[in-house]
Amino acid sequence: MLSTACPTVIIVLGNPWFEIDDPGDEFGFTAAELAFATALREQANSWDVPYAHSWVGRPEDDASLLALVGLSDKHRRVSLIDIGVHLVGSNVRGDRLHNQLYFLPDQPTSLAMEAVGSPQELAERTATWFETLLRKPIVRHEWEHNGQVYASRYLFADTGEGLVQSYDQTLAPSGQAEDLIDAGHVHGRGWIQTSGLGRPDRIVNIRGEATA
């Protein structure tokens, strides 16, 4: 029987959303950027979503203002996804971000948004976008062998979109890795994909309310 575990979800009241990452950067922001960041914080103050790390700063190339939210599995200290927006003038674009440089992807993903308007209007659109993503349920699928988890996969439960996965061949059933590779469930430099494992042994709710 498939089991479902539900860890405690903590909602942090007064979570300081979108604080400036380096206070010294504030002097380098334009009036419009500061107005956007202030309005975004004001919008976020009314959220009752589970805690997530967030900040405002600049991406690696300093070409825009960046507002970022990082989702993670706190129990396992696993980073799941960085989502954020780049503000340039009167245009804002949001999507899944590179997890180190914080660049937007070359091709928009299913999470993408874009808007044009005043700093207040862009902050409102951005806040709505962030809140929608923060409410999306995230689950962790786990596969066990001999009482140990050898593979896991995090995904948005409402769409099935994968976030992060892992596979430990040393803990997996004998011969399974070779079968998965032969079946084509491998990417890049031998990274075995959990897509070939079938039904998980356990589903753990990480964020939000996941339906069965």
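The values are calculated or read from the model by the stated rules, or taken from the named source; none is laboratory data. Since we're looking at a predicted model, the values are computed, not measured. Heads up, the Cβs are rebuilt from the backbone with ideal geometry, glycines too, and the neighbour counts pull from every protein chain shown. Ligands, DNA and RNA are excluded from the accessible area calculation, which covers all protein heavy atoms including side chains. Shrake-Rupley method; radii C 1.70, N 1.55, O 1.52, S 1.80 Å.
Structural remarks
- Filter pass, Ala177 being free of Cβ contacts under 8 Å to residues at least 60 places away in the same chain, open to solvent by less than 80 Å² (accessible area, probe 1.4 Å) and either under 19 Å from Leu80 (Cβ atoms) or in contact with a helix residue (DSSP H, G or I) (Cβ under 6 Å, 6 or more places away or on another chain) (or both): no
- Residues that are at pLDDT 90 or above and small (Gly, Ala, Ser) within segment 12-61 comprise Ala31, Ala32, Ala35, Ala37, Ala39, Ala44, Ser46, Ala52, Ser54, Gly57, listed in sequence order.
- Positions within segment 43-53 being in contact (Cβ under 8 Å) with a residue 40 or more places away in the chain and open to solvent by 10 Å² or more (accessible area, probe 1.4 Å), in sequence order: Gln43, Trp47, Pro50, Tyr51
- Considering (1) part of a loop (DSSP other than H, G, I, E, B); (2) over 30 Å from Gln165 (Cα atoms); (3) of a type in the set (Asp, Glu), the lone condition that Asp48 does not fulfil carries the number (2).
- Segment 60-87 residues that are over 16 Å from Ile20 (Cβ atoms), paired with ones that are open to solvent by less than 10 Å² (accessible area, probe 1.4 Å) and of a type in the set (Asp, Glu) (beta carbon under 8 Å, 6 or more apart): Leu80/Asp73; Ile83/Asp95
- Output for segment 109-131, where each listed residue is of a type in the set (Ser, Thr, Tyr) and closer than 19 Å to Phe36 by Cα: Ser118, Thr126, Thr128
- The residues of segment 180-212 that are within 25 Å of Arg77 (Cβ to Cβ), of a type in the set (Lys, Arg) and either at pLDDT 95 or above or open to solvent by 30 Å² or more (accessible area, probe 1.4 Å) (or both), listed by number, are Arg189, Arg202.
- Spans of strands (runs of 3 or more DSSP E) in segment 63-135 with at least 2 residues farther than 17 Å from Glu161 by Cα and among the β-branched types (Val, Ile, Thr): 78-88
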